[in-house]
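The structure appears right after this line, and notes come after that.
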Amino acid sequence: MSSTTDLQPLPPGTSAALDDLIACPSCDALYRVEVPKHGERAVCARCHHVLIAPIQGAILRIVALSLTILVLLITAIFQPFLKIEAAGLSHSSSIVDAALSFSEAHMIGLSVAVLALIVFIPIARALLLIFSLGPLLLHRPALRGARSAFRWAEAMRPWSMAEIFVLGVGVALVKIVDMARVELGLAFWMFAALVVITVLQDGFMCRWSVWAALDSGHPDPFNADRDDSDAETGLREEPGHG
Ligand SMILES: [Zn+2]
């Protein structure tokens, strides 16, 4: 089990450099940064929101899982998602067919929104994470625009809804399973795997550690040999804000 450290709130009037501070995104309490050991977590003493949870090799795993998500999504688009048989008729459809079915009912906007939420945004998010964090794994400084890319990837997180789609399909299947024979296609299982992978990826995602890695140009900044990590990383961002 990982141990937990309660950070102590800064007394009012204390001065500290901006880089040494971290604010709780839940309750706005302000703390002086104390980096916990790998596997340990620093939490807000007031609301117990996890503030810093460095995991060894997290950047490598985030990038590897982003690549997996990318391959799964791009492959799943072209694979059959569901096959429904009823009264001697059968119909097989892919994700794109399912989304485009709204356009037949003159709801092209809904088709575009569905495709964006379950395919394009997750793909864009995976690409942004690979772009922003991939170079660190090659021990190169973060690319120009890496910080913006990571910020965008984080902003897209609530709009990446592949898992909600799978859940919705599951609920719909329960309702029609008495009326028709339903066969789950390869794409369905790929999306189901995607849900698990996304949860795993979120587990490795300590935003403060990622910002620290982007600043230091080292994928494991708290274990880095500081001498070789003085990369040119441009402006330093305030860590801890997703
Ligand atoms: Zn808090």
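Here, each number is a calculation from the coordinates, and none is a lab measurement. Computed from a prediction, not measured in an experiment: that's the story for all the values here. Note: ideal-geometry Cβ built from the backbone for every residue, glycine included; neighbour counts use all protein chains shown.
Quick look at the values:
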quantity: Answer from Ala142, Ala124, Ala162 - the residue that is farther than 25 Å from Phe78 by Cβ and small (Gly, Ala, Ser); calculated: Ala142
quantity: The listed residue being of a type in the set (Phe, Trp, Tyr) and touching a residue at least 40 places away in the same chain (Cβ under 8 Å), out of Phe81, Phe102, Phe120; calculated: Phe81
quantity: Given (1) of a type outside the set (Lys, Arg); (2) within 16 Å of the ligand (Cβ to nearest atom); (3) surrounded by 14 or more Cβ atoms within 10 Å (Cβ to Cβ); (4) without any contact (Cβ under 8 Å) to a residue 12 or more places away in the chain, number of the condition Ala64 does not satisfy; calculated: (2)
quantity: Test: residue in segment 27-35 that is surrounded by 21 or more Cβ atoms within 10 Å (Cβ to Cβ), farther than 19 Å from Leu129 by Cα and within 16 Å of the ligand (Cβ to nearest atom); calculated: yes
quantity: Selection within segment 65-90 - farther than 16 Å from Met190 by Cβ and touching a helix residue (DSSP H, G or I) at 6+ places or on another chain (Cβ under 9 Å); calculated: Ile84, Ala86
quantity: Residues of segment 37-61 classified as more than 16 Å from the ligand (Cβ to nearest atom) and in contact with a Ser or Thr (Cβ under 6 Å, 6 or more places away or on another chain), total; calculated: 3
quantity: Test set (1) within 16 Å of the ligand (Cβ to nearest atom); (2) within 22 Å of Pro221 (Cα to Cα) - Ala17 fails condition number; calculated: (1)
